[in-house]
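Notes follow the structure.
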Amino acid sequence: MKPEISIILPCKNEQEALPFCLKRIKKIIRQNKLSAEIIVSDSSTDRSPQIAKKERVVLVSHNEDGYGAAYLQAFDRAKGKYVFMADADATYDFSRIPDFISELKNGADLVLGNRLSGKIEEGAMPFLNRRLGTPVLSFLIRLFFKIKIIDSQSGMRAIRKNLIKKLNLQTTGMEFASEMLVKAAKNGLKIKEIPVNYFKRKGQSKLKPFSDACKHIKFMLSMLNAKEK
């Protein structure tokens, strides 16, 4: 029988956090009696693949680099009606999975976790990311594309599986987060934001704030140019 929910974790060298994430997700699935599968989309050179195999989850191994690439590799393997997405670094509260799915069942097409309206653990989000990077990128998305969201860069989100192909997602880096939002709005999807808490990650961060921000802005400008033609 097909699972109702596909939970996808993009993973690159997360051997410190991955065991915690997988055990926590499995506990939430049991407690809430969810029909769900867990997919680890992995391009690691550490022990992350072995951990995923030991935990008996679906392992999608590939050599593609980038946040977006990990999801693009995993989407075709997802069997669920709903796809839940979150980072494999222990920063998100997986107990909220049922809330995201409930929002989809109640009519939303894409649900985002809003970290800026939730509780952010001390040291979880660098000052520049919290006060400058995320707010500025979110402002630009609101300004350019009229999307009423606060935290455009949240890695915790859920979407109806049948809408993913319609979005024709293509970017492979961190700008994938913006691409999903912009194309969702362009296709008339109903976007919902809910507050979520955010915690300190386990292991080393792979974010490159300046270059990642430039990729987001470059993508937005490309979409604006496309609209004008």
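Taken together, the values in this text are just the output of simple stated rules run on the coordinates, not laboratory data. A quick note: this is a predicted structure, and the numbers were derived from the prediction, not measured. So basically every Cβ, Gly included, is an ideal-geometry build from the backbone, and we count neighbours across all protein chains shown.
Couple of notes before you dig in:
- Bridge type composition, segment 5-228 - antiparallel percent by DSSP, nearest 5: 30
- Normalised convex hull volume, the chain, alpha-carbon set, Å³ per residue: 117
- Taking the longest Cα principal axis of the chain as reference, the axis of helix 176-186 is set at about 60 degrees.
- Comparing SER95, SER41, SER205 in a Gaussian network model of the chain (Cα springs below 10 Å), the most mobile by mean-square fluctuation is SER205.
- Mean residue ellipticity, 222 nm, helices only, the chain: the sum of -39500 (n - 2.57) across DSSP H runs of n ≥ 4, divided by residue count and rounded to 500, is -11500 deg cm²/dmol.
- Principal-axis tilt of helix 209-228 within the chain, Cα atoms, nearest 10 degrees: 60
- Candidates ILE39, ILE150, ILE28: whichever shows maximal mean-square fluctuation once the chain is modelled as a Gaussian network with Cα springs under 10 Å: ILE28
- Alpha carbon centroid spacing (whole Å) that separates segment 90-144 from segment 5-84: 20
- Given their separation in residues at 0.36 nm each and the Cα-Cα distance between them, ARG131 and GLN170 gain 11.2 nm when the chain is fully extended.
- Gain on full stretching of the segment that runs from THR45 to GLU121 - 0.36 nm per residue minus C-alpha separation: 24.5 nm
- Here the residues GLU122, GLU37, GLU175, ranked from fewest to most Cβ neighbours within 10 Å of their Cβ, fall in the order GLU122, GLU37, GLU175.
- Fewest-first sequence of LEU112, LEU59, LEU207, LEU137 by Cβ atoms within 10 Å of each Cβ: LEU207, LEU59, LEU137, LEU112
- Shape of segment 41-81, Cα gyration tensor, a/c cut at 1.5: oblate
- ³J(HN,Hα), Karplus 6.51/-1.76/1.60, whole Hz, each residue of segment 84-89, x for Gly, Pro: 9, 10, 7, 6, 9, 10
- Between helix 18-32 and the chain there is an angle of about 80 degrees, using the helix long axis and the longest principal axis of the Cα atoms.
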